[in-house]
1. Got at least one residue in segment 215-233 being farther than 24 Å from Asp43 by Cβ, surrounded by fewer than 18 Cβ atoms within 10 Å (Cβ to Cβ) and in contact with a strand residue (DSSP E or B) (Cβ under 9 Å, 6 or more places away or on another chain)?
2. If we scan segment 21-35, do we find a residue that is touching a strand residue (DSSP E or B) at 6+ places or on another chain (Cβ under 6 Å), among the β-branched types (Val, Ile, Thr), under 28 Å from Asp238 (Cβ atoms) and surrounded by 14 or more Cβ atoms within 10 Å (Cβ to Cβ)?
3. Given the criteria buried (at least 17 other Cβ atoms within 10 Å of the Cβ), modelled with pLDDT of 95 or more and in contact with a Phe, Trp or Tyr (Cβ under 8 Å, 6 or more places away or on another chain), does Ile125 qualify?
4. How many residues are farther than 20 Å from Phe117 by Cβ and among the hydrophobic types (A, V, I, L, M, F, W, C) when one looks only at segment 228-248?
5. Within segment 25-65, work out how many residues are in a strand (DSSP E or B), more than 30 Å from Pro14 (Cβ to Cβ) and among the charged types (D, E, K, R).
6. Answer yes or no: is there a residue in segment 264-274 that is within 24 Å of Gly156 (Cα to Cα) and either aliphatic (A, V, I, L, M) or touching a residue at least 60 places away in the same chain (Cβ under 8 Å) (or both).
7. Any residue in segment 172-183 that is within 15 Å of the chain's Cα centre (by Cα) and surrounded by 18 or more Cβ atoms within 10 Å (Cβ to Cβ)?
8. Mind checking which residues of segment 199-223 are farther than 21 Å from Ala163 by Cβ, without any contact (Cβ under 8 Å) to a residue 40 or more places away in the chain and out of contact with any Leu (no Cβ under 8 Å at 6 or more places or on another chain)?
Amino acid sequence: MALAQEAMGNNGDPGKQKNRIIFKDTSNIPQDSRTDSSTQSRDYYLFIPYYQNENLSLGASAKNQRVHLNQVPTHSNFTPVENLHSIQYGLSYSGYDSEKNVWNFNASYGSASDQPFKDSTVSAIDATLSKKVQESEEHSWMYFLNYSNNRTFLSGIPLPGIAYTYTATDKRNGWMIGIPFWLYWARPDDHWTYSTFIFLPSNITAQVGYFVWGPLQTSLKFQWNQQSYFRYGRTDNDEQIYFEKKRISTGLKLFLGKASFLELELAKSFDQSLFNGKNMFNKTSDTLDLSDELQSYLNLQYEF
């Protein structure tokens, strides 16, 4: 997922990047049963472009995500964990070359673990180099190379990639297709919006939105994703903890600017599970199923 986001240059054009703050909170809505497992998560993200001119931007970022797991079952050979953390500190470069192609380089260091920064075995490293070639107003190509030691597949292996992007001249629809992801979005009129993002083999997001009044949008979403973490003290360094879930939600989104918004959702999380594995297809433990749950979700993004 992070690879595709980097490839799409989500920090903006060189020389025009802005400060960005993101806060997300997902909380369990208690049900009748007191024996059900439940999850809560809280995310913080900060991006600061600390130097810019008309041709380049230099930025710094920090991310802190914590997933708290309550009443995890103990009836399998998966050793329960109470908290999963993903903490990253990064630097980025974005600039034009002599032919006005856009180069991006993003690198981050952190820890993704049940006990972050305990030692080097739980360190998470990610780096992406990309080049965007704008063929015309509608068409562009992206070439990139990514390294990450904490992917849900092919972890620790540098992966090259290529993607093609189309954006209609009226800005009403567009798509990006690459290896291994696909993005489509459309706004056929002033009310309806649609988008689908697929990142194989472990992430899908599909949503439809309707503007009911001015900047206020209602939405319906489906998400399926996996996240991976390093267990502190594991005997096999190739082994990771996988947290998988599916989610359907409905909510309201208030746009406060071009890239600023407040979003509130009511969600149903289901097919949630934990397992150990050398990759998502090579499990080294039983799959530990977690309870379905109702959740509230808050997402605040502010750009300035």
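1. Of the residues in segment 215-233, the ones farther than 24 Å from Asp43 by Cβ are 233.
Next cut, surrounded by fewer than 18 Cβ atoms within 10 Å (Cβ to Cβ) only: 233.
Remaining after also requiring in contact with a strand residue (DSSP E or B) (Cβ under 9 Å, 6 or more places away or on another chain): none.
No, there is no match, as no residue in segment 215-233 is farther than 24 Å from Asp43 by Cβ, surrounded by fewer than 18 Cβ atoms within 10 Å (Cβ to Cβ) and in contact with a strand residue (DSSP E or B) (Cβ under 9 Å, 6 or more places away or on another chain).
2. To start, the set of residues in segment 21-35 that are touching a strand residue (DSSP E or B) at 6+ places or on another chain (Cβ under 6 Å) comprises 21-29.
In the following step, the residues that additionally are among the β-branched types (Val, Ile, Thr) were identified as 21-22, 26, 29.
Now restrict to residues that are under 28 Å from Asp238 (Cβ atoms): none.
No.
3. On the way: buried (at least 17 other Cβ atoms within 10 Å of the Cβ): no; modelled with pLDDT of 95 or more: yes; in contact with a Phe, Trp or Tyr (Cβ under 8 Å, 6 or more places away or on another chain): yes.
No, not satisfied.
4. Count: 1.
5. 2
6. yes
7. Yes, the conditions are met somewhere in segment 172-183.
8. Tyr210, Phe211, Val212, Trp213, Gly214, Leu220, Phe222, Gln223
The values are calculated or read from the model by the stated rules, or taken from the named source; none is laboratory data. From a predicted model like this one, the values you see are computed outputs, not experimental measurements. All Cβ positions, glycine included, derive from the backbone under ideal geometry; neighbour counts span all protein chains shown.
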